[in-house]
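Worksheet: one structure, shown below.
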Amino acid sequence: MTAAAPFAEIWRGPFLESVHSGHAVVCDDTGQIIHAWGNPEAVILPRSSAKMIQALPLVQSGAADAFGLTPQHLALACASHQAAALHTGLVGDWLETMGLNDQDFRCGTAEPGDETARNALICTGEKPCQIHHECSGKHAGFLTVNKHLGGGADYEKPDHLVQKACLDAFEQVTGLTSPGYGIDGCSVPNFATTLHGMARAMARFASAPDGSAEARLHQAMRLHPELVAGETRACTNLMRAMNGKVALKTGAEGFFIAILPDQKIGVALKAACGTKRAAECAIASILVKLGALDPNHPEALKYRNAPIENRRGIITGTLKPAATFA
C-alpha cells in the first residue's frame, strides 16, 4: 500500500465532514515493521521529531559529561519547549556555565508559547530573545558539542563539524543514507529519511542498553515531560498519562514519534496534510492499539473521540480516529 491511509475523521452531526490521512510505521528491535499504515517507504523530513537523534553527539562526544549536564539538560536538548520560566531559566544557566550568551545562538528569536512568559514580555515592553525560541534547548546542546570539540561559531551550517556529527548519528540509527536535507525553522539542517527508517531509529532508542546515549536521552524525556514541551502540549500530556513509560516528540507539519522501551518498539508517523490534530489523533490511537495508553484516560480523550465545540460551547462535532486504527 503506497497511498496515504485515513488517520482521523471529523464528524459534524451525522455527516463525515473531513478526513485526515497519512503514513505510519511501528518497528520492533530488529528494525522489522510490525504495523504499517500508508507507505512505509515515503521519504520524509522528521522535523523536531528528530531532536533526540540530533542530541546523540552531545552524549556520544563526551560533551554532556564534560559540562556536567543533568537529565533535565538532556530533556531540553530534545525539546520543543514553550519558553516558560522553567525552560528559559535552565537554558540561561546552561549558557552561563559555558561562558556564552543569547548572541551565540543561531536559532533566531520567537515569542514564547507560554502565555505567562509572553504576557510578561508585553507588560515590560521587552522583545523576545533567541532563548525564547522553542529550539533553544537543542541549540544549547549544539553549542555544548561545539565548545567541547572546538568548532567555529557557525555551528548551524551543514558543513560544520556539529552538523556532520548529527548526520553521522542520523544515518547510523535510521540504517539508511540520507538523500539530503531541508533547512528547519531554527536554521539547522533537517535530514531526510524514509518513514521506516525513522521508526527503525526510534526502535533502536527503545531497545538501547542502559547507560547508552540513546537510553540516557529517552530516559531524560520520560523523566521530565514538562521540559520536552510544556503545559497544554500533547507530548507532555500524553507522556504523563502513560506514567513516563513512553517518550514522545512531535515535529512540524504533522510528524510524531514514540519510543516504547518496555516493548522495545518505535513509532513514526506523518500526517499527509501536515496538521497537528491529525498527527495527535494518530499517535494517541497507535499508542492505544499498542496497549501503552488507556483509551479512557482524560488525556487520550483530548486527541481521539474529542468533542468539537463552537464559540458558544455547543458541541457541534467530534474528532475520531479512523477505522484503520481499530
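Extension gain, Ser212-Ile314: 0.36 nm per intervening residue step, less the Cα-Cα distance, totals 31.7 nm. Of all lysines in the structure, those lying under 22 Å Cα to Cα from Lys51, and not within fewer than 8 positions of it along the same chain, are Lys138, Lys147, Lys157, Lys164, Lys245, Lys249, Lys264, Lys270, Lys276.
Contact order, relative form, for segment 18-128: 16 percent (alpha carbon pairs under 8 Å, 6 or more residues apart, mean separation divided by residue count). Taking the 1.4 Å solvent-accessible surface of segment 1-121 as the whole, the part contributed by carbon and sulfur is 52%. Starting from the Cα gyration tensor of segment 49-137, take the square roots of the eigenvalues, sort them a ≥ b ≥ c, and report rounded, prolate or oblate (rounded when a/c is under 1.5, otherwise prolate if a/b is larger than b/c, else oblate). Prolate, since a/c reaches 1.5 and a/b exceeds b/c. For Glu111 and Asp65, the difference between the fully extended length at 0.36 nm per residue and the C-alpha to C-alpha distance is 13.4 nm. Distance between the C-alpha centres of segment 131-167 and segment 5-39: 34 Å, rounded to the whole angstrom. Summarising the amide proton neighbourhood of Ser18: residues at separation of 5 or more, or on other chains, whose placed amide H is nearer than 5 Å comprise Ile10. Rolling a 1.4 angstrom probe over the protein heavy atoms with all chains in place gives segment 127-245 an accessible area of 37 Å² per residue. Listed values [x] 34, 24, 20; [y] 31, 24, 17; [z] 30, 27, 20 include one computed from this model; for semi-axes √(5λ) of the Cα gyration tensor in Å that value carries the label [y].
Exposure here means at most 11 other Cβ atoms within 10 Å; with trypsin sites (Lys or Arg not before Pro) in a DSSP loop as sites, the longest stretch of the chain lacking them is 1-310.
Structure remark: mean-square fluctuation, Gaussian network model of the chain, C-alpha springs under 10 Å; the largest value among Trp37, Trp94, Trp11 belongs to Trp11.
As I understand it, the value is the acute angle between the Cα axis of helix 85-97 and the longest principal axis of the Cα atoms of the chain; what does it come to in degrees, rounded to 10? Value to nearest ten degrees: 30.
Distance between the pseudo-spin-label points of Thr324 and Cys123 (7 Å out from Cα toward the beta carbon): 4.7 nm. Charge dipole (Cα centre; +1 on Lys/Arg Cβ, -1 on Asp/Glu Cβ; no other charges) of segment 179-296 amounts to roughly 180 debye.
Among the cysteines of the chain, Cys27, Cys78, Cys123, Cys129, Cys166, Cys235, Cys273, Cys281 have no other cysteine beta carbon within less than 4.7 Å of their own.
The values are calculated or read from the model by the stated rules, or taken from the named source; none is laboratory data. Because the structure is predicted, anything quoted here is derived from the model rather than measured. Please note: Cβ atoms are built from the backbone with ideal geometry, for glycine as well, and neighbour counts cover all protein chains shown. Calculation scope for accessible area: heavy atoms of the full protein, side chains included, ligands and nucleic acids excluded. Shrake-Rupley method; radii C 1.70, N 1.55, O 1.52, S 1.80 Å.
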